[in-house]
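Contents: one structure, followed by commentary.
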Amino acid sequence: MPIFEYHCSQCEHEFEKLVFNSSEKIACPKCKSKKVTRMMSAFAFSSGGKFKSTASSSCGGCAATSCSTCGSK
Ligand SMILES: [Zn+2]
């Protein structure tokens, strides 16, 4: 079942909610505000490609993925 984390920009309250209908309007349970932001899960962040820059480059001397072109040892 889809459980999403939400953050209320009105009162800074964070809460989790089961969402059966994606078009459902989510309101903060604390202040009843609808100014809530759905927070991305850790899985969604890792698949966004934010962490690939450190893993793909093996050369410390240049931006190439291998050191065969720059001779840095
Ligand atoms: Zn709130």
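Of note:
- Residues in the range 21-35 that are more than 8 Å from the ligand (Cβ to nearest atom) and surrounded by fewer than 13 Cβ atoms within 10 Å (Cβ to Cβ) were compared, and the one that is nearest to residue 9 (Cα to Cα) is 34.
- Criterion (at pLDDT 95 or above and basic (Lys, Arg)) met by exactly one of 35, 25: 35
- Filtered residues of the range 1-17 (kept if more than 19 Å from the chain's Cα centre (by Cα) and more than 14 Å from the ligand (Cβ to nearest atom)): 1
- Test: residue in the range 43-55 that is modelled with pLDDT of 70 or more, exposed (fewer than 10 other Cβ atoms within 10 Å of the Cβ), part of a loop (DSSP other than H, G, I, E, B) and within 20 Å of the chain's Cα centre (by Cα): no
The values are calculated or read from the model by the stated rules, or taken from the named source; none is laboratory data. These figures come from a predicted structure and were not determined experimentally. A quick note on method: Cβ atoms are made from the backbone with ideal geometry, for glycine too, and the neighbour counts reach across all protein chains shown.
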